[in-house]
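Structure record follows, encoded as structure tokens.
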Amino acid sequence: MRRKLTTSLLFIAIFVFLAASFSYHIFRDILPSAVSSPSPPPPPLTSRSAALNQPIDRLANNAVRELLGSLPRHQSPLPLDSILLPDWEVLLLLPPNASSSADAASLSCLFHSGANSPARTAGPSAFRCTLPNRLRRVRPFYTPRLIGPSDAVSPLVGLEDPAPREMIRWSGRIAYESFSTDDDVIVFAKGINRRKDFNLPAAGIQCIFSPASGGAAIAATPATTSAQEVFRCPHPPAAEVSRTGSVRVSLSIGPDEAPIPTVANYELPRHGKASRERFRICSCTMVFNVAKFLPEWVAYHAGVGIEQFILYDNGSEDGLDSVVSQLVSEGFNMETRSWPWPKTQEAGFSHCAAENRDECEWMAFLDVDEFVLAPAWTGSDRPDRSMISSLISVPPEVGQVAIRCLDFGPSGQRVHPRGGATQGYTCRRRIDERHKSFVRLDAVGYSLTNSIHHFELGDEFKTRWKNVREARVNHYKYQAWDEFKVKFRRRVSTYVADWRESTNLGSKDRTPGLGSEPIEPRGWAGKFCEVNDTLIRDTTRRWFGTVGPSGEYQMIWQN
């Protein structure tokens with residue numbers, strides 16, 4: 001009996017010890033410390049005016065949620081230059097107008113604990129690194145420092161805080177980009193309109209303008225629209241901005257709400273920009289690791305009439321810049337814009353439509369695995385730059401031309417075809433699904449709302465649909481497994497579920513039979529093959545191919 005009692009007491013003692021250790025681990029950041037006192041929380045905000053008088057870098061970090069959000073917790077000054085993204089990636093942003101000339105291979109992210117991880121380039125003024133495993137269980141998550149050759153990070157000298165600061169969590173509310181038109185500022189923010197087709201009214205939302213270095217707000221203007229992740233507001237007084245220097249813009253939701261965290265830099269509108277003749281037809285796309293696919297896609301569409309290609313780079317790590325530079329040297333008009341924000345394709349397209357309104361008359365919103373083809377073109381001996389123009393020769397009241405997609409399958413391919421997608425993927429599903437659009441940018445609605453496939457238009461405009469006998473989009477959606485697996489792991493649409501989540505498995509956006517795991521289904525190479533379709537293959541061989549010594553076609557985009 002005495003042995004049983006001793007054993008029971010031992011088990012109880014061990015349980016109490018483990019429970020105490022776990023509680024300390026969870027609540028270590030909300031309990032007073034005998035060694036150092038946490039920064040006092042900001043005073044309660046009782047009105048909108050009180051919220052505006054608070055420096056943004058002293059506001060409660062609404063993005064960081066602890067397990068028991070109702071309890072008081074330690075609140076660090078809000079960082080303005082680092083974001084914790086999904087999959088434990090850290091996005092580290094350089095200050096406004098700063099850039100690093102260093103090779104990312106020579107830089108690292110150094111965390112407050114002494115742990116570090118290699119930095120990877122995420123655009124001209126941003127880097128990514130992975131949060132070390134041993135820090136993923138410790139909250140709050142603190143901003144790392146970018147370390148490397150001293151001359152490579154000179155823009156950061158003097159801007160590092162002596163005390164660790166919490167990272168902004170991408171899973172919460174955050175303003176991440178802005179664009180200034182002549183008439184207003186467009187702010188891109190997530191976490192406010194969380195559900196598709198459900199938007200908070202603009203009334204009650206304000207744009208808050210504050211010094212980028214911290215401090216009280218200098219101005220607030222009322223939102224005029226709220227749709228998806230896009231919010232529009234009048235500009236603040238130019239004199240205030242000029243006196244302040246670098247300014248960031250945030251959003252305030254409701255009369256008693258503090259501004260949400262922001263990394264969105266505000267710029268005054270660029271009046272007097274040199275005018276030139278607009279491109280007739282441009283193309284805008286969001287890309288991630290598509291460098292090897294790009295030459296085929298660009299050469300084809302430039303041949304049939306696309307004049308300018310605008311790429312929103314979603315964090316590519318496959319040498320995209322060098323491929324773009326090569327294409328530019330060959331005479332193709334191309335621009336690349338860093339867009340490191342995950343699952344924000346709709347917002348990126350809204351930004352593209354607004355930013356390029358004066359540069360392009362029509363914009364094709366296509367992916368790099370989508371090729372526009374009109375059956376009438378296939379009788380031509382060579383491509384003609386008037387071909388796509390013929391698809392948008394429409395009455396003035398038509399602001400958008402929608403073209404249906406035909407989805408191609410792996411077509412027996414187990415690796416990416418040497419000649420490119422148009423040469424190797426020749427078997428497709430019978431029915432058309434989805435569509436893509438050419439949009440006249442002057443016709444885009446004020447809210448910039450889009451569903452990737454098409455935009456909402458102004459009241460005076462309408463959409464014209466093309467049937468597949470007039471035109472179609474060959475969508476090489478289901479490619480060889482190793483290529484498709486990348487797509488599986490990288491969904492960029494805001495309102496489409498991540499394929500890795502076991503929710504909404506019956507959605508049309510999911511691949512039939514795939515489920516939520518990146519495991520190659522049996523017989524993948526032969527799936528989605530109902531119609532043998534070589535129309536674009538045969539046409540492009542005639543347009544862009546030469547017959548080699550072995551009798552195989554060599555396409556101009558092959559290395």
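The values are calculated or read from the model by the stated rules, or taken from the named source; none is laboratory data. Bear in mind the structure is a predicted one, so any value in this text is a computation, not a measurement. So basically every Cβ, Gly included, is an ideal-geometry build from the backbone, and we count neighbours across all protein chains shown. We work out accessible area using only protein heavy atoms, side chains counted, and drop any ligands, DNA or RNA first. Shrake-Rupley method; radii C 1.70, N 1.55, O 1.52, S 1.80 Å.
Would a scan of region 272-280 turn up a residue that is in contact with a helix residue (DSSP H, G or I) (Cβ under 8 Å, 6 or more places away or on another chain), at pLDDT 95 or above and more than 23 Å from S125 (Cβ to Cβ)? Within region 272-280 (the criterion being in contact with a helix residue (DSSP H, G or I) (Cβ under 8 Å, 6 or more places away or on another chain), at pLDDT 95 or above and more than 23 Å from S125 (Cβ to Cβ)), the answer is yes, since at least one residue qualifies.
Across region 374-432, the qualifying residues are those that are under 30 Å from A525 (Cα atoms) and among the acidic types (D, E), and the one among them that is modelled with the highest pLDDT is D407.
Here is a check on your reading of the model: is L373 surrounded by 19 or more Cβ atoms within 10 Å (Cβ to Cβ), more than 30 Å from S447 (Cα to Cα) and hydrophobic (A, V, I, L, M, F, W, C)? For L373, the condition - surrounded by 19 or more Cβ atoms within 10 Å (Cβ to Cβ), more than 30 Å from S447 (Cα to Cα) and hydrophobic (A, V, I, L, M, F, W, C) - is met.
What number of residues within region 233-258 are in a loop (DSSP other than H, G, I, E, B) and farther than 13 Å from P211 by Cα?
8
Restricting region 435-467 to residues that are within 21 Å of the chain's Cα centre (by Cα) and among the charged types (D, E, K, R), the residue that is most open to solvent (accessible area, probe 1.4 Å) is E456.
Scanning region 171-206 for residues that are of a type in the set (S, T, Y) and closer than 19 Å to P261 by Cβ gives S171, Y176, S178. Of all residues in region 341-355 being touching a Leu at 6+ places or on another chain (Cβ under 8 Å) and open to solvent by 10 Å² or more (accessible area, probe 1.4 Å), which is nearest to L391 (Cα to Cα)? This residue is A354. Only a single item in (1) more than 23 Å from the chain's Cα centre (by Cα); (2) over 29 Å from A216 (Cβ atoms); (3) at pLDDT 60 or above is not met by H112, and it is number (2). Return yes when R472 is touching a Leu at 6+ places or on another chain (Cβ under 6 Å) and either closer than 27 Å to Y312 by Cα or at pLDDT 90 or above (or both) and no when it is not. Answer is yes for this residue.
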